[in-house]
């Protein structure tokens, strides 16, 4: 984020990095989310449960992504979501105090943080638009663009959950795309 060496030396002592085991939860529904998690290594997912107990995945976070329940962090309200690790992971815990200290030592940080927030909102709006009006095939193709490395790292049922379709529908879409892109000689 454009932090110079002097600023880094000031904030370095407050950087908290942790190792997280596969399947370990970082947030449970009902808890107040205290951190934004920066993924150094591994994959995190943010998900909720519907009334029937079915998981609905809202976000995957791979290396260099941020994952958090922003509502809970900002408004200090109990979360409706869970965050867990899909692989062994290393994450940096970014709390409000860290963000404030970074803003003090790096004047340009507030502007960059604001841009990140607006980018996050832009992606959420695009996702909502796709879920409400795009075909499952289009949603899948957009997923591949957004998360090109996730395909080989998570089970197909999780990708289907993110897309709002059944695993069987996802299999059909993948099969159809394979046929479309196979050109016999």
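Per-structure values
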read-out: Filter pass, residue 130 being at pLDDT below 95, in a helix (DSSP H, G or I) and surrounded by 15 or more Cβ atoms within 10 Å (Cβ to Cβ); value: yes
read-out: Of the criteria (1) assigned to a loop (DSSP other than H, G, I, E, B); (2) in contact with a helix residue (DSSP H, G or I) (Cβ under 8 Å, 6 or more places away or on another chain), which one residue 152 fails; value: (2)
read-out: Residue satisfying condition, being surrounded by fewer than 12 Cβ atoms within 10 Å (Cβ to Cβ) and modelled with pLDDT of 90 or more, within set 125, 181; value: 125
read-out: The stretch 86-109: number of residues that are assigned to a loop (DSSP other than H, G, I, E, B) and under 14 Å from residue 36 (Cα atoms); value: 1
read-out: Residue in the stretch 124-133 that is in contact with a strand residue (DSSP E or B) (Cβ under 8 Å, 6 or more places away or on another chain) and under 17 Å from residue 58 (Cβ atoms) present; value: no
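The values are calculated or read from the model by the stated rules, or taken from the named source; none is laboratory data. What you see is a predicted model; the values in this text were computed from it and never measured. Don't worry about glycine lacking a Cβ; one is built from the backbone with ideal geometry, like all the others, and counts go over all protein chains shown.
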